[in-house]
1. For the chain, give the percent of accessible area contributed by carbon and sulfur heavy atoms, probe 1.4 Å, rounded to a whole number.
2. How high is the relative contact order of the chain, in percent, counting Cα pairs under 8 Å that sit 6 or more residues apart?
3. Would you please state the base-10 log of I(q)/I(0) at q = 0.12 1/Å for the stretch 14-155, with intensities from the Debye formula using one equal scatterer on every alpha carbon?
4. Rounded to whole Å, give me the distance from the Cα center of the stretch 123-147 to that of the stretch 203-279.
5. Jot down the per residue volume, in cubic angstrom and as a whole number, of the convex hull over the alpha-carbon atoms of the stretch 112-179.
6. Quick query: amide H of F48 versus all other amide H atoms, modeled in the peptide plane; which residues come in under 5 Å with a sequence gap of 5 or more or a different chain?
7. Once you order the gyration tensor axes a ≥ b ≥ c over the Cα atoms, which shape class does the stretch 48-101 get: rounded for a/c under 1.5, otherwise prolate or oblate by comparing a/b with b/c?
8. Per residue and in cubic angstrom, what volume does the convex hull of the Cα atoms of the stretch 169-306 have?
Amino acid sequence: MRYRTLGRTGIEVSTHCLGTMMFQDGFNSDHDDCVRIIHAALDQGVNFLDTADMYGQGESEEIVGKALRGRRDDVVLATKVHFPMGEGRNRGGNSRRWILTAVEDSLRRLDTDWIDLYQIHLPDHTTDIEETLSVLTDLVTQGKIRTFGCSNFQAEEIVEAHHVSERRALGRFRTAQPPYSVLARGIEASLLPVAERYGMGVLVWSPLAFGFLTGRIRKGTPVDMKSGRAAIRPGFFDPALAENAAKLDAVEQLVELAESIGRTLPELAVAFTVAHPAVTSAIIGPRTMEQLEALLKGAALTLDDAVLDRIDEIVRPGVNLYNPAASFPPRSLTDASLRRRPLAERSAA
């Protein structure tokens, strides 16, 4: 396993990061099996684990805590905060009030005294970014977290956060966690260049494009829309939709490319993401031991220029064949009042 420095933090992490979203009820709720998967990843050189408080409402963090007993010092542990945790107001978001509560809950579930990378899971436009950066800076000073980053932020939101950090002498986001795959290359246009400019580490999620790059979803093969991820996000899988038809066409060409170099499609897909100079690590999220072994098998794969050029022909750089963040679009798109003047002011004369 190759290791890279996480931005300018000085922390060395494996180029494959083990994501634990699948370790919860509804996916893999066998805690002992999940612990075995985590241990197998660690034994094969993975030293970077990513989880979140909202995965199974804390269940994933609890599993990770069990797995790291006796091995904590050798692991770079990342978790996230933002989504609601339970009933009641003020039990989510990016406020000082909630983050101070949430970090203690995560530390307890993870059975650790510190979190290496604490990430804001989503932007919160009801909370001033200065408020969020201030409490994160305090947590670093207190030793409860080592550094902090953001997840699913737009490039302009990252720039704004860095400007606030500089103006207010606060700690700054050291990492970004965006979605990135062969089928969703939009971040190549602005987010990845911004991350490079600020010296940020980048850990990308969904390198297998919500399963489209596993090789199991193929053109002409019926999709079960009543189970699994298709039941949760039908818009990503319904073959009748034009964007999904485009994904399936690309997949056929990518399968052919992978076979031409004697590799599987998942191996090709993950290797593509870590070939970008701005990407530090790709998050792999196996549900089973077999899936972990299949993904780690491709860790040593190096894609040469000819293969990368062919990928560029199949999906052009900077192009999204689908919107991987469709489940949480920015407020500028969801709040119509931000896109429409008052009725009396809309005409030009």
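1. With neighbouring chains kept in place, the figure for the chain is 47 percent.
2. Normalised by residue count, the contact order of the chain is 17 percent.
3. Values, matching the q order: -0.46.
4. 35
5. 83
6. S14, L18, V76
7. Details: a/c = 2.91, a/b = 2.04, b/c = 1.43.
Verdict is prolate for the stretch 48-101.
8. Here the figure is 145 Å³ per residue.
The values are calculated or read from the model by the stated rules, or taken from the named source; none is laboratory data. Remember, predicted model here, so these are calculated numbers, not experimental data. In this analysis, Cβ positions are derived from the backbone assuming ideal geometry, glycine residues included, and neighbour counts consider all displayed protein chains. With ligands, DNA and RNA removed, areas are computed over all heavy atoms of the protein, side chains included. Shrake-Rupley method; radii C 1.70, N 1.55, O 1.52, S 1.80 Å.
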